[in-house]
Amino acid sequence: NGKILDDMMTGSVMKFTLAAGSFAAIGQIFVFLTVNKFNCLILSIVKASRKFISILFSIFWFGHRISPVQWIGIFVVILSIFTDIAITQFKRS
């Protein structure tokens, strides 16, 4: 039991824990500021876009193979994001 606690207190684990906590806090501040300045719809578009970009980055960076059905899913996500943006802009004008 003491060995596990000693391992957890090493520099690399503590650095990782502090970095993860810091990034989580920055993310929460970003969410708060986005909701205050815009609205929840914009926040959901931003979050969906971020997840989508992360998935695309992973596909290309790590060389994952994507089936035609998965490419259709990616296209649907892109289309829905741009549709949400277009509807939002149309309602404002």
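The values are calculated or read from the model by the stated rules, or taken from the named source; none is laboratory data. Keep in mind that what you see is a predicted model, and the values were worked out from it rather than measured. Quick reminder, even Gly has a Cβ in these numbers, built from the backbone with ideal geometry, and neighbours come from all protein chains shown. Quick note on the areas: whole protein, heavy atoms, side chains included, nothing else; ligands and nucleic acids left out. Shrake-Rupley method; radii C 1.70, N 1.55, O 1.52, S 1.80 Å.
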Simple spin-label estimate for residue 19/residue 7, 7 Å along Cα→Cβ, in nm, reads 2.0
Number of Lys pairs in the chain with C-alpha atoms less than 26 angstrom apart, excluding same-chain neighbours closer than eight positions? 7
With θ set to phi - 60° and the Karplus curve 6.51 cos²θ - 1.76 cosθ + 1.60, what are the ³J(HN,Hα) couplings of the stretch 24-41 in order, to the nearest whole Hz, using x for Gly and Pro? 5, 5, 4, x, 5, 4, 4, 4, 4, 5, 5, 5, 5, 7, 10, 7, 5, 5
So what are the ³J(HN,Hα) numbers for the stretch 86-92, from phi and the Karplus equation (6.51, -1.76, 1.60; θ = phi - 60°), rounded to whole Hz, Gly and Pro as x? 5, 5, 4, 5, 5, 5, 6
Please give the per residue accessible area of the chain, computed with a probe of 1.4 Å over protein heavy atoms only, in Å². 84
Can you give the Rg/Rh ratio of the chain, where Rg is from the C-alpha atoms and Rh is the Kirkwood radius? 1.16
Checked against the positive end of the charge dipole of the chain (+1 on Cβ of Lys and Arg, -1 on Cβ of Asp and Glu, about the Cα centre), the farthest of 52, 90, 73 is 90
Any chance you could run the full-extension gain for residue 80 through residue 48? It's 0.36 nm times the residue separation minus the Cα-Cα distance, nm to one decimal. 10.5 nm
Sites residue 29 and residue 58 - FRET efficiency at Förster radius 25 Å, r taken between beta-carbons, to 0.05: 0.50
Given +1 on the Cβ of Lys and Arg, -1 on the Cβ of Asp and Glu, and no further charges, what dipole in debye does the chain carry about its Cα centre, rounded to the nearest 20? 280
